[in-house]
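Participant: Below is the structure I would like to discuss, written out as structure tokens.
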Amino acid sequence: MDSVKNRGFRLPKNVWVILCGLLVLAAPVVYLSAGREATARRESFAMDTVVAVTLYGGSERQLQGALDAAFAEIYRLEGLLSAFAENSDIYKINQEPARAAGHEVSAETYGLLARALSEAGSTGGAFDPTIGALTALWGVGTDRARVPSEAEIQRLLQHSGWQKVRLWKEEDGPKTVYRVSIGEGQRLDLGAIAKGYAADRAAAVLRERGVKSALLDLGGNLVVIGRFKGQRDWRLGIQDPLIAGSAFATVETSDSTLVTSGAYERYFEEGGVRYHHIIDPSEGRPSASDLLSATIIMEQTAAAENSTRSDALSTALFVMGFDRARAFLEEHPEVGAILAYRRGGENKIFITEGLRGKVSVKDGALAGDGAR
Ligand code: AMP
Ligand code: MG
């Protein structure tokens, strides 16, 4: 009993032997399971924004391989879809619009343009992939940003309209040739949909590599795969449009995409007025929306690659303004949304029904004055 008092407690010798044996046996198991539970994160600049991918579970080696593949996919799409990358399909089309024979493009560019036109149709043109001539004129986010004259805007508006885009296929023996032409004076700009598409494709690459838990963040355009570390729903913050670097709400979800569009993201100021980067295609100028931000949340799985659509819709709903956006959401119950808007001098939040149990709004939400 003495020994127990003085030295803590003492185990019989044979128990020690068994315990030590178990420890030796357990060591590789612990090591292996630590390897299986690895975390890997990589951050890089791509598609004109910061892209961060975080993976949980699996071996370190498997995760690094998956990160390599996901980033390779994102860089590939940047090259394919950028309006500025020479040799990209989009660059080629923009260089020579209204070409009677159209331009031959990859099946992938064709497929994405078809989806973009479908979203343009479903949103009554609030999302318009032919907005490129106007975004170039305003130059928001570039060193050529300026307020154009009314005449310049009207001249470009004459050519506007996603309905002027033509997509067609030609059979060339066993090969299908995909062709695209745009209207005179038009330029494609996939800035409102390309990050969502890249997020969908990068998530597909990760899933193909067996990744079960991941967060992809393409400049605030999010996709989560599975659950956080396979254990609980992810808790995703939504940027407060009035307080930089602060979230005004959190959403608990899994296998989802979350995309936000807001006037606060990119803008320049002239004569005390802010001019932001989301253009109202019917006006040819930054949207005078009463929304502070539009966040779309949809299921995202291998069978439902919804980040592409969510990206287009976040931009479109922002342009629509609160009343039209709300009517759109009523007609499309599969689309979850959180709308921050301004009414009667007050900032308010609208949350679609399906999301209500999953969203927590923080105290002091939308109370900042960093607005518009
Ligand atoms: P997002 O950040 O997804 O809302 O996309 C905004 C970007 O999409 C802008 O920087 C423009 O390049 C482009 N864009 C602006 N207005 C529109 C619009 N109404 N429809 C489609 N693309 C747009
Ligand atoms: Mg968008």
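Participant: Does Val224 meet the test of being away from ligand 1 (no atom under 16 Å from the Cβ), at pLDDT 95 or above and in contact with a strand residue (DSSP E or B) (Cβ under 6 Å, 6 or more places away or on another chain)?
Facilitator: Considered against the rule, which asks whether it is away from ligand 1 (no atom under 16 Å from the Cβ), at pLDDT 95 or above and in contact with a strand residue (DSSP E or B) (Cβ under 6 Å, 6 or more places away or on another chain), Val224 comes out as yes.
Participant: One residue is enough: does region 25-37 have a residue meeting the conditions out of contact with any Cys (no Cβ under 9 Å at 6 or more places or on another chain), modelled with pLDDT under 85, assigned to a strand (DSSP E or B) and within 30 Å of Asp255 (Cα to Cα)?
Facilitator: Initial filter on region 25-37 (out of contact with any Cys (no Cβ under 9 Å at 6 or more places or on another chain)): 25-37.
Now restrict to residues that are modelled with pLDDT under 85: 25-37.
Those still in the list that are assigned to a strand (DSSP E or B) too: 37.
Those still in the list that are within 30 Å of Asp255 (Cα to Cα) too: 37.
There is at least one residue in region 25-37 that is out of contact with any Cys (no Cβ under 9 Å at 6 or more places or on another chain), modelled with pLDDT under 85, assigned to a strand (DSSP E or B) and within 30 Å of Asp255 (Cα to Cα).
Participant: For region 126-134, does any single residue satisfy the condition of being closer than 27 Å to Glu269 by Cα and more than 9 Å from ligand 1 (Cβ to nearest atom)?
Facilitator: Yes; the residues of region 126-134 include at least one that is closer than 27 Å to Glu269 by Cα and more than 9 Å from ligand 1 (Cβ to nearest atom).
Participant: If the Cβ limit is 7 Å and pairs must be 6+ apart or interchain, which residue in region 306-319 that is touching a residue at least 24 places away in the same chain (Cβ under 8 Å) and within 16 Å of Leu216 (Cα to Cα) pairs with which residue that is among the hydroxyl-bearing types (Ser, Thr, Tyr) and more than 10 Å from ligand 2 (Cβ to nearest atom)?
Facilitator: Asn306/Thr257; Ser307/Thr257; Thr308/Tyr197; Ser310/Thr257
Participant: Considering only residues of region 220-245 that are closer than 18 Å to Leu292 by Cα and of a type outside the set (A, V, I, L, M, F, W, C), which is farthest from ligand 2 (Cβ to nearest atom)? Lay out the reasoning, then the answer.
Facilitator: Going through region 220-245, the residues closer than 18 Å to Leu292 by Cα turn out to be 220-221, 237-245.
Restricting the remaining residues to those that are of a type outside the set (A, V, I, L, M, F, W, C) gives 220-221, 237, 239-241, 245.
Working: Gly220: 10, Asn221: 7, Gly237: 18, Gln239: 14, Asp240: 19, Pro241: 15, Gly245: 21 Å.
It comes out as Gly245.
Residue-wise test of (1) in contact with a strand residue (DSSP E or B) (Cβ under 8 Å, 6 or more places away or on another chain); (2) part of a loop (DSSP other than H, G, I, E, B).
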position	(1), (2)
Ala70	yes, no
Asn87	no, yes
Lys92	yes, no
Ala101	yes, yes
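Each row is one residue, and each column tells you yes or no for (1) within 13 Å of ligand 2 (Cβ to nearest atom); (2) at pLDDT 95 or above; (3) of a type in the set (Asp, Glu).
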residue	(1), (2), (3)
Thr250	no, yes, no
Ser256	no, yes, no
Arg266	yes, no, no
Glu283	no, yes, yes
Thr301	no, yes, no
Leu317	yes, yes, no
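Participant: Among (1) closer than 27 Å to Ala52 by Cα; (2) loosely packed, with under 15 Cβ neighbours inside 10 Å, where does Lys169 come up short?
Facilitator: The single condition Lys169 does not satisfy is (1).
Participant: If you take the residues in region 333-372 that are in contact with a helix residue (DSSP H, G or I) (Cβ under 8 Å, 6 or more places away or on another chain) and more than 16 Å from ligand 2 (Cβ to nearest atom), which one is farthest from Asp255 (Cα to Cα)?
Facilitator: Ranking the qualifying residues of region 333-372, first place goes to Arg343.
Participant: Okay, moving on. Looking only at region 92-136, count every residue that is more than 25 Å from the chain's Cα centre (by Cα) and either within 15 Å of ligand 2 (Cβ to nearest atom) or in contact (Cβ under 8 Å) with a residue 24 or more places away in the chain (or both) and tell me the total.
Facilitator: 8
Participant: Can you tell me which of (1) modelled with pLDDT of 95 or more; (2) buried (at least 17 other Cβ atoms within 10 Å of the Cβ); (3) part of a loop (DSSP other than H, G, I, E, B) is the one Ala83 doesn't meet?
Facilitator: Just one mismatch for Ala83, condition (1).
Participant: Can you tell me which residue in region 234-261 is surrounded by the most Cβ atoms within 10 Å (Cβ to Cβ), limited to those that are of a type in the set (Gly, Ala, Ser), assigned to a loop (DSSP other than H, G, I, E, B) and touching a Phe, Trp or Tyr at 6+ places or on another chain (Cβ under 9 Å)?
Facilitator: Restricting to residues being of a type in the set (Gly, Ala, Ser), assigned to a loop (DSSP other than H, G, I, E, B) and touching a Phe, Trp or Tyr at 6+ places or on another chain (Cβ under 9 Å), the top hit is Ser254.
Participant: Being away from ligand 2 (no atom under 16 Å from the Cβ), assigned to a strand (DSSP E or B) and modelled with pLDDT of 95 or more narrows it down to one residue among Arg179, Arg155, Arg207, Arg146; which is it?
Facilitator: Every option except Arg179 fails the conditions.
Participant: So, Ala199, is that one closer than 26 Å to Val361 by Cβ and at pLDDT 95 or above or not?
Facilitator: yes
Participant: I've got another one for you. Looking only at residues in region 323-360 that are polar (S, T, N, Q) and within 16 Å of Leu258 (Cα to Cα), which one is surrounded by the most Cβ atoms within 10 Å (Cβ to Cβ)?
Facilitator: Checked region 323-360; the qualifying residue surrounded by the most Cβ atoms within 10 Å (Cβ to Cβ) is Thr352.
The values are calculated or read from the model by the stated rules, or taken from the named source; none is laboratory data. Bear in mind that the values here come from a model prediction, so they are computed numbers and not experimental data. Note: ideal-geometry Cβ built from the backbone for every residue, glycine included; neighbour counts use all protein chains shown.
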